[in-house]
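**Q** Below is a structure I'd like to ask you about.
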Amino acid sequence: QVQLVESGGGSVQPGGSLRLSCRASGIIFSRNDLGWYRQAPGKQRELVARIWSDFTTNYADSVKGRFTISRDNAARTVYLQMNSLKPEDTAVYYCGVGRSLREVIYWGKGTLVTVSS
C-alpha cells in the first residue's frame, strides 16, 4: 500500500519560511519522480516543483528563486524549502509521485500553508 505523508505546513507572515516534508512508503522511492503541487481555493491544482529520479529539478516561474525541492532517498522523503513566502502562496500543498501533474499516480492528503499578516 502506497502512502505519502506530508508535514510542515502552517501559518506564517509574508517574508517568512517553511519547510515541507513528504515521506513515502510502499514504492521504490529512488526510482520515482516526485513533485510538490498546490491548490488554492477556487483554483486548479498546479505544479510547484518537481524532482526526478536523476535529481533533475524544475520549478514553476512563480516560485523560482524562492523555493527549493530536494530529496533524500535513504530517508524516503522529499522536501520543499519555501522562503520569502507571499500571500499568493497560500494553498494546500500536495506531494505526488509521477513525472508531471497529469502523470501523478499517487497523492498525499496535503498540508495547508497560510501566508498572512
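**Q** Could you grab me the full set of residues in segment 104-116 that are surrounded by fewer than 17 Cβ atoms within 10 Å (Cβ to Cβ) and not in a loop (DSSP other than H, G, I, E, B)?
**A** Selection gives Tyr106, Trp107, Leu112, Thr114.
**Q** Just one of Val104, Val63, Val92 is of a type in the set (Val, Ile, Thr) and in contact with a helix residue (DSSP H, G or I) (Cβ under 9 Å, 6 or more places away or on another chain); which is it?
**A** Only one candidate qualifies: Val63.
**Q** Continuing with this model, one more query. Quick one: which residue in Ala40, Ala60, Ala74 is surrounded by fewer than 18 Cβ atoms within 10 Å (Cβ to Cβ) and over 22 Å from Gly10 (Cβ atoms)?
**A** Ala74
**Q** To continue, here is another question. Residues Ala91, Ala74: which one is of a type in the set (A, V, I, L, M, F, W, C) and touching a residue at least 40 places away in the same chain (Cβ under 8 Å)?
**A** From the options Ala91, Ala74, the qualifying one is Ala91.
**Q** Within segment 7-45, track down each residue that is more than 22 Å from Asp61 (Cα to Cα), aliphatic (A, V, I, L, M) and at pLDDT 95 or above.
**A** Ala24
**Q** Among the numbered criteria (1) under 14 Å from the mean Cα position of the chain (by Cα); (2) closer than 22 Å to Ser117 by Cβ; (3) not basic (Lys, Arg), which single criterion is violated by Leu101?
**A** Going through (1) under 14 Å from the mean Cα position of the chain (by Cα); (2) closer than 22 Å to Ser117 by Cβ; (3) not basic (Lys, Arg) one by one, Leu101 breaks only (2).
The rows are residues; the columns are (1) in contact with a Leu (Cβ under 9 Å, 6 or more places away or on another chain); (2) of a type in the set (A, V, I, L, M, F, W, C).
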{"residue": "Val5", "(1), (2)": "no, yes"}
{"residue": "Val48", "(1), (2)": "yes, yes"}
{"residue": "Asp61", "(1), (2)": "no, no"}
{"residue": "Gly65", "(1), (2)": "no, no"}
{"residue": "Ser70", "(1), (2)": "yes, no"}
{"residue": "Thr90", "(1), (2)": "yes, no"}
{"residue": "Cys95", "(1), (2)": "yes, yes"}
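**Q** Kindly indicate whether Asn58 is of a type outside the set (Phe, Trp, Tyr), in contact (Cβ under 8 Å) with a residue 24 or more places away in the chain and out of contact with any Asp or Glu (no Cβ under 8 Å at 6 or more places or on another chain).
**A** Spelling it out, it is not the case that Asn58 is of a type outside the set (Phe, Trp, Tyr), in contact (Cβ under 8 Å) with a residue 24 or more places away in the chain and out of contact with any Asp or Glu (no Cβ under 8 Å at 6 or more places or on another chain).
**Q** Still on this model: Step by step: first the residues of segment 77-103, then only those that are part of a loop (DSSP other than H, G, I, E, B) and either among the small types (Gly, Ala, Ser) or open to solvent by less than 20 Å² (accessible area, probe 1.4 Å) (or both), then the one that is farthest from Gln3 (Cα to Cα). Which residue is that?
**A** For segment 77-103, the residue satisfying everything is Ser84.
**Q** Next question, about the same structure. Name the one entry in Leu20, Leu4, Leu47, Leu34 that is touching a helix residue (DSSP H, G or I) at 6+ places or on another chain (Cβ under 7 Å), in contact (Cβ under 8 Å) with a residue 40 or more places away in the chain, open to solvent by less than 70 Å² (accessible area, probe 1.4 Å) and closer than 19 Å to Thr77 by Cα.
**A** Leu47
The values are calculated or read from the model by the stated rules, or taken from the named source; none is laboratory data. Here the structure is a predicted model, which means the values were calculated and not measured. Counting neighbours? That spans all protein chains shown, and the Cβs are built from the backbone with ideal geometry, glycine included. Note: areas computed on protein heavy atoms with side chains; ligands, DNA, RNA excluded. Shrake-Rupley method; radii C 1.70, N 1.55, O 1.52, S 1.80 Å.
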